[in-house]
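Here is the structure we will look at.
The values are calculated or read from the model by the stated rules, or taken from the named source; none is laboratory data. As the structure is a prediction and not an experimental result, all values here were calculated from the model. Here the Cβ positions follow ideal geometry from the backbone for every residue, glycine too, while neighbour counts run over all protein chains shown. Just so you know, the surface numbers come from the protein's heavy atoms only, side chains and all, with ligands and any DNA or RNA stripped out. Shrake-Rupley method; radii C 1.70, N 1.55, O 1.52, S 1.80 Å.
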Amino acid sequence: MFYEAHENDHGLRHDPFKALVSPRPIGWIGTLSADGTPNLAPYSYFNAIGDGPKMVMFASDGRKDTVSNAEATGEFSASLASRVHAEKVNASSVNAPAHVDEFQYAGLTAAPGRMVEAPHVREAFAALECRVVDIFRPRTLSGGVSEYILVIGQVVGIHIDESIITDGKIDMTKAAPLARLGYRDYSDGAQTFEMIRPTWDEDG
């Protein structure tokens, strides 16, 4: 099958786009409101941008509390959403009003940062402390702007629970990072395989 994306006439019961771009890591984003209220929300439009310097991004469907908080304070955290925390990740996605602390609602501990004020999930196996470097709406082909807002942060601090380290590497069988597959489907990264990138041989 083929269809033009802007028409979205795929003829299926559900839009397949999110399922096609998967698995997507989940950024468990922690922020503080201007009045100091902790906020926690999972974002599946999340990823690393690069490591020179270390930067991550998340995209929000409109201006939600997380974006407003990150813009007001210039900070956010991104905690590792693992399979063992899946139900709490889901609980923290509740569409609660701004005054609600989703850490508390989901039964999680808001751990203070070392280099930022934004809290992270103490129960998570890893967390990134980030300072905002850019917030914008991407431009579209028609000259307008996307309804999604991108928040880009530079990582300034990294927390890792040593229980997920094996032989000097993050052990994915222990970390089991949670990923979004589209629709209501999720997976984890506990099942892995290794491939070595080939080196070009001019004589070969």
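The residues in region 46-102 that are in a helix (DSSP H, G or I) and more than 18 Å from residue 119 (Cα to Cα) can be counted, and the count is 5. Condition check: in contact with a Leu (Cβ under 7 Å, 6 or more places away or on another chain), in a strand (DSSP E or B) and of a type in the set (Val, Ile, Thr). Does residue 155 satisfy that? Criteria met by residue 155. Counting the residues of region 106-144 that are aromatic (Phe, Trp, Tyr) and assigned to a loop (DSSP other than H, G, I, E, B) gives 1.
For first residues located in region 43-57 and surrounded by 17 or more Cβ atoms within 10 Å (Cβ to Cβ), partners that are aromatic (Phe, Trp, Tyr) and modelled with pLDDT of 95 or more and lie 6+ apart or on another chain with Cβ distances below 6 Å form the pairs 43/58; 46/58. You will find that of 98, 124, 86, 78, the residue that is closer than 18 Å to residue 33 by Cα, open to solvent by less than 30 Å² (accessible area, probe 1.4 Å) and of a type in the set (A, V, I, L, M) is 78 and no other. When residues in region 1-30 are screened for being open to solvent by 60 Å² or more (accessible area, probe 1.4 Å) and either more than 28 Å from residue 66 (Cα to Cα) or of a type in the set (Lys, Arg) (or both), 12 of them pass. Restricting attention to region 172-189 and to residues that are open to solvent by less than 30 Å² (accessible area, probe 1.4 Å) and out of contact with any His (no Cβ under 9 Å at 6 or more places or on another chain), the residue that is nearest to residue 23 (Cα to Cα) turns out to be 179.
Residue pairs whose Cβ atoms lie under 6 Å apart, separated by 6 or more positions or on different chains, with the first residue in region 175-204 and assigned to a loop (DSSP other than H, G, I, E, B) and the second small (Gly, Ala, Ser) and modelled with pLDDT of 95 or more, are 176/82; 190/176.
For region 159-173, the condition of being modelled with pLDDT of 95 or more and touching a Pro at 6+ places or on another chain (Cβ under 8 Å) holds for none of the residues.
Do you know which of the residues in region 133-171 that are open to solvent by 80 Å² or more (accessible area, probe 1.4 Å) and among the charged types (D, E, K, R) is farthest from residue 51 (Cα to Cα)? By that ranking, first place goes to 147.
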